[in-house]
Amino acid sequence: MPAPPEFLKYIDDNQGAFIKRLTDAVSHKRQVSALYSVSGDPTLRKDVIDMGETWLHGQLTALGVETKLVWLGNEDVDGQTLQLPPLVIGRVGSDPKKKTVLVYGHYDVMPAKKSDGWTTEDPFELTVRDERMIGRGATDDKGPVVGWLNVLEAHQALPLTLPVNVRFCFEGMEESGSTGLDKFIEEEANKGKEGWFDGVSYVCITDNYWLNTRKPALTFGIRGTAYFSINISGPATDLHSGLFGRMVHEPMTDMVKLLSKLVETNGIITVPGVEETVNPVAPEEREEYEKMDYTVQDLRDAVGGKAIELSEDHTQLVMNRMRFPSLSIHGIKGAFDGDGSKTVIPAAIKGRFSLRLQRADRPILAKLCSLVEPQTTDIIKTLVTNFLNEEFKKLNSKNTMEVEYVGGALPWVATNKHDLNFKAAHRATEAVYRQAPDYTREGGSIGVALTFQEELGEDTSVMLLPMGRSDDGAHSTDEKLDKDNFFKGTKLFGTYLYELAAA
Ligand code: BES
Ligand code: MN
Ligand code: MN
């Protein structure tokens, strides 16, 4: 069933108001502290809370949605107790004759500083430059969340009744590990008829991007992640390297040696057990990656025009992103990182790295970790921690080293990527973009995908429906959303609901 023409016309006629709404969402600041919705920065926590409690809750309520704030309690960060931002959940319609779809997005964003290299005045103000809207959260994930609000506005204004029952689940801790969310979903699922997710058979997660800049996508799998810190300390304070060099064990030397043991320059992970536990790629599966619309040039474009690819084979590249695990070293905290040349021996440092995980269930796991479960963050935690402890022993260092597991998310793959949910999104894509979508898996992680799948049951279909493009620069400088993706994405979300109702 196509979306009503008046719905599509409303989107065309109200572009200015929609840009205004995204502008407000990106630039939402507390009157008092004038800070922003970054979940990973303790000093900005009040603003994430305000974004959910005031802005998003206010928007949904004004748009006629039965809305509830779910407070998830507190968390401890470096000895500081912080309140968790609320889940903003909403309900439209409870008609037993209609299908029920659960929409997920997040209203928190990554940190951003102008000095990181943003070319706009302020990363937390939406800057419209020709066809692009630039600002932190534009594509990840305020743009998509605002897209849903636009769909609601159109239905309220025209007025039109939504063709399906909708439940919204918007969280404010996604970029910091979704603390508290799994527990809430589990509790609600266990409540059955009384729960918020009662009757949900379709889940639509709008928190990812097309594989390229040309072709819309539907996404049926994502990798998991496990985040670690190697903490090394020695002297009580930083030391002068001229006075103490070659007299003491240096934490930084130990750190560099340990980090170098984790991964080869070609990307192969050298922690024993990680590569070995990945399932081989079956020929049919390989074909799917071959078919995906991706070229080496797409990769070059996405990384700023540089030819730094690990392979010339686009299928291999796509598999490396979607199918195989990866390990990235993010940085060393506590070490000298300024200008000039400081001759110091840092006393206590933290080396940060994380892995992207893929599901694997080869029997070798049983031998390695006396666990027969498929690849999980637990198994990776054991492999990484044991390996680093052994390697540290070999260094014969008198410093103290601790491997800290910071957090993670599990991988997810859809049970059936051709069910009614995907079919509806496929038709909606064809209607709005005049072309069929690519079917992709993603390299990034959204912990809640597997949780929805597990808690709402195998018969519930989970799907990712992206709004933005591959070059949007999520987490990066000058993060943007193209106007075209914003408006067409809004139409896509609305049309998907009609196609789902008819499917
Ligand atoms: N929107 C991303 C997830 C994503 C990234 C999907 C790339 C598809 C492609 C999400 O906001 C995100 O950044 N997730 C974190 C999760 C982590 C904090 C557990 C990630 O992937 O690093
Ligand atoms: Mn996101
Ligand atoms: Mn993100």
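Ignoring ligands, DNA and RNA, what percent of the accessible area of region 1-160 is carbon or sulfur (1.4 Å)?
52
Rounded to the nearest 20, the size of the Cβ-charge dipole of region 1-148 about its Cα centre is 400 debye, with Lys and Arg at +1 and Asp and Glu at -1. Rounded to the nearest 20, the size of the Cβ-charge dipole of the chain about its Cα centre is 180 debye, with Lys and Arg at +1 and Asp and Glu at -1. Residue order by solvent-accessible surface for His240, His155 is His240, His155, largest first, with ligands and nucleic acids left out and a 1.4 Å probe. Cross-link reach is defined here as a Cα-Cα straight distance under 15 Å, omitting same-chain residues fewer than 8 places apart; for Lys257 the aspartates and glutamates meeting it are Glu390, Glu391, Glu402. Using the average count of surrounding beta-carbon atoms within 10 Å as a protection proxy, the listed peptides 491-497, 389-395, 338-344, 315-321 rank, highest first, as 491-497, 315-321, 389-395, 338-344. Highest mean packing first, where packing is the average number of other Cβ atoms within 10 Å per residue, the peptides 305-313, 481-489, 158-166 line up as 481-489, 158-166, 305-313. Rg/Rh for region 173-230 stands at 1.07; both radii use Cα atoms, and Rh follows the Kirkwood definition.
Looking at region 438-497, the GluC sites (Glu not before Pro) that sit in a DSSP loop and have at most 13 other Cβ atoms within 10 Å of their own Cβ are Glu458.
Expressed as a whole percent, the accessible area of region 200-305 that falls on carbon and sulfur atoms is 54 (1.4 Å probe). Each Lys and Arg Cβ is given +1 and each Asp and Glu Cβ -1; about its Cα centre, region 93-179 then shows a dipole of about 440 debye. Exposure check, 1.4 Å probe, all protein chains in place: Met1 carries approximately 100 Å² of accessible surface. Shape summary: the chain maps onto an equivalent ellipsoid whose semi-axes, from the alpha-carbon gyration tensor, are 40, 26, 23 Å in decreasing order. Mind checking region 40-144 for GluC sites (Glu not before Pro) that DSSP puts in a loop (not H, G, I, E or B) and that have at most 15 other Cβ atoms within 10 Å? Here the GluC sites (Glu not before Pro) that fit, given the DSSP loop and packing criteria, are Glu121, Glu125, Glu131. Distance from the alpha carbon centroid of region 34-72 to that of region 261-284 works out to 40 angstrom. Normalised by the number of residues in the chain, the average gap of Cα pairs under 8 Å and 6 or more apart makes the relative contact order 24 percent. A dipole drawn for the chain from +1 and -1 charges on Cβ atoms has a positive end, and of Phe422, Thr343, Ala307 the residue lying farthest that way is Thr343. Measuring between their Cα centroids, region 422-495 and region 376-421 lie 28 Å from each other.
List the pairs from Lys142/Lys488; Lys20/Lys491; Lys142/Lys291; Lys29/Lys113; Lys215/Lys480 whose alpha-carbon separation is above 19 Å, in the order I gave them. Check vs 19 Å cut-off fails for Lys142/Lys291.
With protein chains left intact and a 1.4 Å probe, residues in the chain average 44 Å² of accessible area per residue.
For region 103-145, relative contact order (Cα pairs under 8 Å, six or more residues apart, normalised by length) works out to 45 percent.
The separation of region 98-127 from region 323-337, counted between C-alpha centres, amounts to 23 Å. Ranking Ser39, Val70, Leu82 by Cα position along the charge dipole of region 38-116, where only Lys, Arg, Asp and Glu carry charges on their C-beta atoms, puts Val70 farthest toward the positive end. Counted as membrane-span-like here are DSSP H helices of the chain whose alpha-carbon atoms extend 20 Å or more along the helix's own axis and whose Kyte-Doolittle mean is -0.5 or above; these are 142-157, 377-394, 483-502.
The values are calculated or read from the model by the stated rules, or taken from the named source; none is laboratory data. Keep in mind that this is a model prediction, so the values were computed, not measured. With ideal geometry, Cβ positions are generated from the backbone for all residues, glycine too; neighbour counts draw on all protein chains shown. Only protein heavy atoms, including side chains, enter the accessible area calculation; ligands, DNA and RNA are left aside. Shrake-Rupley method; radii C 1.70, N 1.55, O 1.52, S 1.80 Å.
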